[in-house]
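Taking it in order: structure first as structure tokens, then the write-up.
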Amino acid sequence: MGEPLRDRARRATGWRLRMNGEHRPHYVVCGSDPLAYWVVRALLATELEFGRVRITLVVPERRRSDGPDGRDVDGIQVVRADRLDEATFRRAGLAGADGLALLHQDDVGNMHAALCAQEVEPRLRLVVRMFNTSLANGVRQLFPDSAVLSDASMAAPAFVAAALGEVAPTHFRHGGRTLYVARRADVRPQDVVCGVADTSDPARARVLPADEASADVVLAEATGQPPGTELAARRLARARRRRRPVAVLLRAVRSFATRKIGIAVLVLLGVIAVLGWLNARAARVGWADALYLTLVTTLTGEDPNVDKPVAAQVMQVVLNLAGLALIPLITAAVVDGIVNARLALHTGWLQPHRSGHIVVVGLGNIGTRVMAQLHDFGVEVVAIDKNPEARGASLAHRLGVPLVVGDAALEETLRSASVATCQALVVVSTDDGVNLRAALNARGFDPDLRVVLRLFDGDFAERVQKAFGIGISRSVSYLAAPSFAAALLDRAVIATIPVGRHALLVTEVPVAAGSPLDGRPLASVAHPGEVRLLAHARPGQKADWSADPRLVITAGDRLTVLARRAGLTALLRQTTPPPAPHQPEAPGAPLPRAGD
């Protein structure tokens, strides 16, 4: 059996200590977007038994986006390089480092960087950001001691739940139980494990409140078919809408020709009608014969007849001339209509009127995942993206999801996707400005429309909520960063539960001998608003989900907790022994410098 990861990490740390005299773990992070920023922040908030970790951030020479990428964070070393090769990794001090996080949005580039990193430090803990599942499986085979994660997969359920007006569909299995997040009203009281949050005030959700009875969002055990599942299923069934072929045909006829050609045809038909009426009066015939004579004279021409009155002969000549103009106009209208219809179908503008569907703006990594999950739930989806070759465009065509190609910030684009009658709008493009304009224009169609907005800046999200009443915002990087940081530290995050702009973590923490919690009662683990104890397990035993709070904690116990990131950091300090004063192993070994 292979050596445990924890023991292997300790052996590697001891080897590095003897080599460079530095006792703090060192991690290298490569990224240039908000995910790298939040991962660095999460690592800086972590204190291990050796103290706070050292971080080296590798970023491009120039910023690639307006959002933060971590290069301005205090307390880290920044290396600027446009290429992740062996030379860059040596400059970043990767030799002897404890872990490497490759967070660029380039699957192939991340794989190449991983191969280069292995040449510099073979015993490296790798955390790789991947979107393509095939490449992810290949990375796991090449680097067994690695974690391959997708931020889009982690964050997509939160956007889907917000679009459907449901609690985040977080579910996981641990300690022989399947747990999920739900509203208290949708589960049986005996199935409730603990309170998660009080969301009665939409502007300010209180997570892990001291009074668990006040929490309307709870963590519950799945013991069968809960009432909430049935309600959600019925709501999803009502959201399904069949396509209306008649509506498509009417819209096709309406957009068959351009405005100028349509006006010309209508004017010419009016002239023909007037001339036909005058011809009928000159020939002194009834309305049925007048219609016949007009059509025959206009379309095919009539044999000349010198015995006709002069007025009838004049009208016949004029009608023939009008017929000569009508045939080309009809041909032009047909050709123009065919071309316009093909363009409209290709760009998605020719869509039937829908209601009860969900509109997803932006088919990047996260938008593609959201679209696929909503489709799996049986909800009708319409996608919008300004790029017809977007990452999720091919998947949209395979799933039969209509794709409107255009700028979502424009009203005509939103109107073509029937935003006025949709049940929710999910805006997840990478441009905050476009996202906000699309949300505000959609609210112009329906002031009560549920809008799920992707924004990075928390302060900006709060101001948008106060000014425009758009309170549902999500940050993909903020939701996914705790899992990336935990994987880099070789800690297993069991689940991440998003509540508003908070991210709660479910994790299992071992208690080390000599730590502050060793010998204290279980009641000392929980802290309202920060940490809640879910289960306790003795070494070699199953988890006890209803342990006595007076039970004394001993070394080797495992604590399953639900915590905020700051609360988890504080708990980790309580479950690890205080760092011993560092002493060199041999006379003459270099001592750590002040400030290290």
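The values are calculated or read from the model by the stated rules, or taken from the named source; none is laboratory data. Quick caveat: nothing in here was measured; it's all calculated off a predicted structure. A quick note on method: Cβ atoms are made from the backbone with ideal geometry, for glycine too, and the neighbour counts reach across all protein chains shown. Remember, those area values only see protein heavy atoms, side chains included, never the ligands or the DNA or RNA. Shrake-Rupley method; radii C 1.70, N 1.55, O 1.52, S 1.80 Å.
Conditions tested, residue by residue: (1) of a type in the set (D, E, K, R); (2) over 18 Å from the mean Cα position of the chain (by Cα); (3) more than 24 Å from Leu425 (Cβ to Cβ).
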residue	(1), (2), (3)
Arg125	yes, yes, yes
Phe143	no, yes, yes
Ser146	no, yes, yes
Gly165	no, no, no
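Taken as a whole, the condition of being under 20 Å from Leu208 (Cα atoms) and touching a strand residue (DSSP E or B) at 6+ places or on another chain (Cβ under 6 Å) applies to Ala563.
Rundown of residues vs (1) within 30 Å of Ala97 (Cα to Cα); (2) at pLDDT 85 or above; (3) among the hydroxyl-bearing types (Ser, Thr, Tyr); (4) part of a helix (DSSP H, G or I), yes/no style:
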position	(1), (2), (3), (4)
Asp490	yes, no, no, no
Leu505	yes, yes, no, no
Glu508	yes, yes, no, no
Gly529	no, yes, no, no
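In the range 382-438, the qualifying residues are those that are over 23 Å from Gly356 (Cβ atoms) and among the hydroxyl-bearing types (Ser, Thr, Tyr), and the one that is modelled with the highest pLDDT is Ser394. The set of residues in the range 136-157 that are within 25 Å of Leu374 (Cα to Cα), open to solvent by 40 Å² or more (accessible area, probe 1.4 Å) and of a type in the set (Asp, Glu) is empty. Each residue in the range 466-485 was checked for being over 12 Å from the mean Cα position of the chain (by Cα), at pLDDT below 70 and not in a loop (DSSP other than H, G, I, E, B), and 2 of them qualify.
To keep it simple, each residue is scored yes or no on (1) part of a helix (DSSP H, G or I); (2) modelled with pLDDT of 90 or more; (3) open to solvent by 10 Å² or more (accessible area, probe 1.4 Å).
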| residue | (1), (2), (3) |
| --- | --- |
| Thr56 | no, yes, no |
| Asp66 | no, no, yes |
| Asp69 | no, no, no |
| Val78 | no, yes, yes |
| Arg83 | no, yes, yes |
| Ala87 | yes, yes, yes |
| Ala95 | no, yes, yes |
| Asn110 | yes, yes, no |
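Counted as qualifying within the range 384-451 are the helices (runs of 4 or more DSSP H) with 3 or more residues that are free of Cβ contacts under 8 Å to residues at least 24 places away in the same chain and either open to solvent by 40 Å² or more (accessible area, probe 1.4 Å) or within 12 Å of Val361 (Cα to Cα) (or both), namely 393-399. For the range 358-369, check the following and say yes or no: at least one residue is more than 22 Å from Leu479 (Cα to Cα), of a type in the set (A, V, I, L, M, F, W, C) and open to solvent by 10 Å² or more (accessible area, probe 1.4 Å). Looking through the range 358-369, none of the residues is more than 22 Å from Leu479 (Cα to Cα), of a type in the set (A, V, I, L, M, F, W, C) and open to solvent by 10 Å² or more (accessible area, probe 1.4 Å). Of everything in the range 557-570, what is surrounded by fewer than 19 Cβ atoms within 10 Å (Cβ to Cβ) and within 15 Å of Leu44 (Cα to Cα)? Give them in sequence order. Those that are surrounded by fewer than 19 Cβ atoms within 10 Å (Cβ to Cβ) and within 15 Å of Leu44 (Cα to Cα): Ala566, Thr569, Ala570. Restricting Arg573, Arg550 to those that are modelled with pLDDT of 80 or more, open to solvent by 50 Å² or more (accessible area, probe 1.4 Å) and not in a loop (DSSP other than H, G, I, E, B) reduces the list to Arg573.
So which of Ala535, Ala523, Ala543, Ala547 ends up being touching a Phe, Trp or Tyr at 6+ places or on another chain (Cβ under 6 Å) and closer than 25 Å to Glu212 by Cβ? Matching residue, one of Ala535, Ala523, Ala543, Ala547: Ala535.
For the range 128-174, the set of residues classified as part of a loop (DSSP other than H, G, I, E, B) and at pLDDT 80 or above consists of Met130, Phe131, Phe143, Ser150, listed by residue number.
Got a sec? Which of Leu102, Leu126 is open to solvent by less than 50 Å² (accessible area, probe 1.4 Å) and either free of Cβ contacts under 8 Å to residues at least 60 places away in the same chain or touching a Phe, Trp or Tyr at 6+ places or on another chain (Cβ under 9 Å) (or both)? After ruling out the rest, the residue left standing is Leu126.
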